[in-house]
1. Through the Karplus equation 6.51 cos²θ - 1.76 cosθ + 1.60, θ set to phi - 60°, convert the phi angles of region 158-173 into ³J(HN,Hα) values in whole Hz; use x for Gly and Pro.
2. Based on the alpha-carbon gyration tensor of region 83-167 and its eigenvalue square roots a ≥ b ≥ c, which shape applies: rounded if a/c is under 1.5, prolate if not and a/b is larger than b/c, or oblate?
3. Does region 1-156 come out rounded, prolate or oblate by the C-alpha gyration tensor, with a ≥ b ≥ c the root eigenvalues, rounded set by a/c under 1.5 and, if not, prolate when a/b is larger than b/c and oblate if not?
4. At 0.36 nm per residue, minus the direct Cα-Cα distance, what do Leu46 and Glu138 gain on full extension? Give it in nm, one decimal, please.
5. May I ask you to evaluate 6.51 cos²θ - 1.76 cosθ + 1.60, the Karplus curve with θ = phi - 60°, for each residue of region 250-258 and list the ³J(HN,Hα) values in order in whole Hz, giving x for glycine and proline?
6. Using mean Cβ contacts within 10 Å as the protection proxy, how do 152-162, 12-22 order, highest first?
7. Can you work out the Karplus-derived ³J(HN,Hα) for every residue in region 132-137? Use 6.51 cos²θ - 1.76 cosθ + 1.60 with θ = phi - 60°, whole Hz, and x for glycine or proline.
8. Rank these residues by their accessible area, most exposed first, probe 1.4 Å: Ser115, Ser94.
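The values are calculated or read from the model by the stated rules, or taken from the named source; none is laboratory data. Worth saying up front: this structure is predicted, and the values here are computed from it rather than measured. So basically every Cβ, Gly included, is an ideal-geometry build from the backbone, and we count neighbours across all protein chains shown. Please note that ligands, DNA and RNA were not included when accessible areas were found on the heavy atoms of the full protein model with its side chains. Shrake-Rupley method; radii C 1.70, N 1.55, O 1.52, S 1.80 Å.
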Amino acid sequence: MENFKKNKGFYILIALLLAGFVAGVVLCFLANNKRVDTEDKLNKNLARYRKLLKGQELDGSSPAVSLSAKNVDASKQDTDALVKQREDLRLAISGVSTNRFVGKENLASSDLASSIKQNVDEWTKLAADKDIRMLTNEKCEFGFRRYIRNPGTSPKGANLAKVDQQIQIIDFLFKTLVDSRPNTPNRSAILLHSIDREPIETYEVIAAGKPNAGTFGPVEGARGENDEFLPTRSFRNPPLVEGLSFRVRFVATTPTLRTFINKIRNSGRPIVVTSIEISNPQPESLKVLGTNAIANLAAPGLVAVEPLDFMASPTTLGSSANPTAPAKEERKVVVQQNFSEITLQIDYLYAPEDKPAAEAEPKK
């Protein structure tokens, strides 16, 4: 101890040198391990690079494909072709951008409720102006009865942009139906039962982002409304093709139905008719239409031709006094335009990239 006290500085220096030596050994060990790891990664990358240069055999009959400039250019051309094909498919599904219905993003729930009320009032007024009749005890709310008959309520959830998109599609369908009546002096009336929609904003959503198959249906409110429905048939095919389904129920004549379908088909909109159901109208519907005057509208220009009886006597086939004179043609109605109750299910299709999805309800 006396020796340590006399040579305190020497022993401190020896301790520091020893500590430095140990630290150097540790650092050399760590650096060597890092060098080994880096060398291993480098060797793997070199092996992968040599493999790419050598080429990859796709099958036994084809030569190996190497990472050459020629093959890189060919791959880029294939990629560009695939991108173009994808855009062509999206265009075939969704149509041109000017013919698509796109819901407003970041739409507040209260603003959407006001838009629903305003549009339903405008459609009801248009129906009255254009003689589109409705049942006296069942007013049409165009798919939004849930909110029209419960003042103060508004859509909630993550699909507000889609509901706004539904408003635009229903506006197109209804106005197209209004313009589908034959332009004749005694044209028949239309009785509109309802335009129904999918209540997408009330579906229970699971983690995958799809409606829960076990509890598929409205979860807001204790019951579904008469103008809300779940489609039984659709052209949608997630995740390639998405769609919104609607159902139009009305009473009209066949020319009105034919014109309505042709107008939809020729509109350029990505809308398809998925099903058509035709049945006899109920007596209550005919009463509203006033069928005493226009239920049996004669189809002009149709002639009933009586078959000739070749076993009859010559006098029955022509006039004996003037055998060369043709018999006077008598026109008879063989087809009458009666009213039918028509139910159309209609799908609006779009590519998934085009759908307006709101991540969350915006703050008020």
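1. Per residue, the Karplus-derived 3J(HN,Hα) values read 9, 10, 5, 5, 5, 5, 4, 5, 4, 4, 5, 5, 5, 4, 5, 5 Hz.
2. oblate
3. Since a/c reaches 1.5 but b/c is at least a/b, the shape of region 1-156 is classed as oblate.
4. Result for the pair: 25.4 nm of gain on full extension.
5. Using θ = phi - 60°, the values come out as 7, 10, 7, 8, 4, x, 5, 4, 4 Hz.
6. In descending order of packing, they fall as 152-162, 12-22.
7. With the stated coefficients, region 132-137 comes to 8, 8, 9, 4, 5, 9 Hz.
8. Per-residue accessible area, sorted high to low, gives Ser115, Ser94.
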